[in-house]
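The values are calculated or read from the model by the stated rules, or taken from the named source; none is laboratory data. These numbers come from a predicted model, not from an experiment. Glycine also receives a Cβ, built like all others from the backbone with ideal geometry; neighbour counts cover every protein chain displayed.
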Amino acid sequence: MALALLTITNSIAAISVTNVTILDADQIPLEPDSRASYLFPKPNGFLTGFSLTRNSQGQRTALMTVEYDLHYTFCGFRIGKGRMLEIYAEMVTRVMAIIDAALALDGLTGAVEFDPQDIPDFGVINDPAGNAWHGCEITFHIMEFVN
Amino acid sequence: MATGRTLGRYGRLYLNTLDMGSYTTSIGPFTHEFEVIPFETPMVDEVRGYMLGRAITISPGKVNGVLHARSGDVPMVAQYPASTNSILTYAVGIRAAPAAGDPVFCTAAPMLNYLATESGGAVTFTADFADTWRQTYVGKYGTPWGALVHAYAARTAANSSAGFDDPLASGATTNFGGYMTYHTFTGDGTATITVQHSTTTNENASFGDLGGCTTGELDFSTNRTGIVETTTATTAVGRYLRWQIALNSANTVTFVLSFVRGLRAY
């Protein structure tokens, strides 16, 4: 059995959150549309904390448990004239909506465990083109059973 | 019924008439050990032989948990005396809440001790269970591992659905009997809960009562628990199992039902 990372990113993209568009690993925008809010895989440092534990004897067919963290960037509101701190509360609301949606899941296709683990950066976030947004980084912890 | 590995958070503990799932933090190690008898071995033999004895040690081990703030809830655990057996079922859900066909560890064992401790604002408890067991079951069936027949749910009508193919049967009828455990949590009248089996197909029409494995007519307005064996230790048990309930004055009964299949004569 292969790792299901792309299945997992696909499953995360399928989570429904009001006013937030969640993107898959093959949909990362260089410069997101400033009229919407996006959550997408963080291009620089997407996957960290990879660990593999063997649970049985064997080579390729051994039972293994793999854990890692996936980092997502949330671009809530593009910072600009008329979009300074007056939209901060709505940005917070949308971040909490993402966390709530993740917590409400009974399971995530591809993963044995899926938990929002951390919000290491909250405030001004840059999109891949370097534009400043009100947003945050969200870390999801993943556990997979291999074989 | 799924297969494969799982995580501890999908386990559910039922102790007598308590659903301990939300209060148990750990349980184990689920001892199931056979006595080992060494053969007399000459000095020149390069290997030494052993055989399994009749003495079997079975115990759920230690239960650790946290007490509910509501009085009269989980603290009732302490009221089970060491002089009587507690009926314990631990259902192992496979990457989901336990469902029919999932593995269960069932036993009737006295609680040896119970210790509640204040721990950082919460009150936690530890309870050890004995490694002895009702000798009738040890002698006849020799195993605490079986299949969940009915997961925790309320029933308001008889069962006309298919059951499941018990993986412990390995696709064939077994002829070594077995026993069921049951726990009820709410109810409002009299009813009879039964394990049914089928030796041919997993269809409603094929199922019939499994000899002996019934609660009998009980008033479930009082929560009940018990362990009941098949008519004999050689009762034939079909590969397909399901739950059944005959409602008399009851309109609803919430229960958990399991069956442990004997796999060899002891």
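Per this entry, residue A:65 is counted among residues that are within 14 Å of chain B (Cβ to nearest Cβ) and either modelled with pLDDT of 95 or more or surrounded by 11 or more Cβ atoms within 10 Å (Cβ to Cβ) (or both). Taken over segment A:11-30, the residue count meeting the criterion of being part of a helix (DSSP H, G or I) and either on the phi > 0 side of the Ramachandran plot or free of Cβ contacts under 8 Å to residues at least 40 places away in the same chain (or both) is 4. The criterion of being assigned to a strand (DSSP E or B), among the aliphatic types (A, V, I, L, M), farther than 26 Å from residue B:35 by Cβ and away from chain A (no Cβ under 14 Å) does not hold for residue B:104.
What do you reckon, is residue B:42 more than 19 Å from the chain's Cα centre (by Cα) and exposed (fewer than 13 other Cβ atoms within 10 Å of the Cβ)? Full working, then the answer.
Working: more than 19 Å from the chain's Cα centre (by Cα): yes; exposed (fewer than 13 other Cβ atoms within 10 Å of the Cβ): yes.
It is true that residue B:42 is more than 19 Å from the chain's Cα centre (by Cα) and exposed (fewer than 13 other Cβ atoms within 10 Å of the Cβ).
Does residue A:73 satisfy being away from chain B (no Cβ under 14 Å), under 13 Å from the mean Cα position of the chain (by Cα) and within 19 Å of residue A:14 (Cα to Cα)? Yes, satisfied. Of all the criteria given as (1) modelled with pLDDT of 90 or more; (2) within 14 Å of another protein chain (Cβ to nearest Cβ), the one not satisfied by residue A:135 is (2).
Residue count for segment A:104-127 under the criterion of being away from every other protein chain (no Cβ under 14 Å) and either in contact with a strand residue (DSSP E or B) (Cβ under 9 Å, 6 or more places away or on another chain) or modelled with pLDDT of 95 or more (or both): the result is 12.
In this structure, residue A:142 does not satisfy being away from chain B (no Cβ under 14 Å) and outside any loop (DSSP other than H, G, I, E, B). Filtered by the rule that a residue be within 14 Å of chain B (Cβ to nearest Cβ) and part of a loop (DSSP other than H, G, I, E, B), segment A:48-60 gives A:55, A:56. Evaluated against (1) more than 14 Å from every other protein chain (Cβ to nearest Cβ); (2) surrounded by 19 or more Cβ atoms within 10 Å (Cβ to Cβ), residue B:93 falls short on exactly one condition, (1). Taking segment A:20-36 as the range and being surrounded by fewer than 17 Cβ atoms within 10 Å (Cβ to Cβ) and touching a helix residue (DSSP H, G or I) at 6+ places or on another chain (Cβ under 6 Å) as the test, only A:24 passes.
Of all residues in segment B:140-174 being of a type in the set (A, V, I, L, M) and closer than 25 Å to residue B:223 by Cβ, which is surrounded by the fewest Cβ atoms within 10 Å (Cβ to Cβ)?
Within segment B:140-174, the first condition is being of a type in the set (A, V, I, L, M), and the residues that meet it are B:147-149, B:151, B:153-154, B:157-158, B:162, B:168-169, B:172.
If we keep only those that are closer than 25 Å to residue B:223 by Cβ as well, we get B:147-149, B:151, B:153-154, B:157-158.
Details: B:147: 25, B:148: 27, B:149: 29, B:151: 19, B:153: 12, B:154: 12, B:157: 9, B:158: 11.
Residue satisfying both the conditions and the ranking: B:157.
Residue A:45 passes every criterion in (1) under 14 Å from the mean Cα position of the chain (by Cα); (2) outside any loop (DSSP other than H, G, I, E, B); (3) modelled with pLDDT under 95 apart from (2).
Is segment B:6-23 home to any residue that is within 30 Å of residue B:265 (Cβ to Cβ), more than 14 Å from chain A (Cβ to nearest Cβ), within 19 Å of the chain's Cα centre (by Cα) and exposed (fewer than 15 other Cβ atoms within 10 Å of the Cβ)?
Applying the first criterion (within 30 Å of residue B:265 (Cβ to Cβ)) to segment B:6-23 yields B:14.
Within this subset, residues satisfying the condition of being more than 14 Å from chain A (Cβ to nearest Cβ) are B:14.
Adding the requirement that they be within 19 Å of the chain's Cα centre (by Cα) leaves B:14.
Narrowing the set further to residues that are exposed (fewer than 15 other Cβ atoms within 10 Å of the Cβ) leaves none.
The answer is no, given that none of the residues of segment B:6-23 is within 30 Å of residue B:265 (Cβ to Cβ), more than 14 Å from chain A (Cβ to nearest Cβ), within 19 Å of the chain's Cα centre (by Cα) and exposed (fewer than 15 other Cβ atoms within 10 Å of the Cβ).
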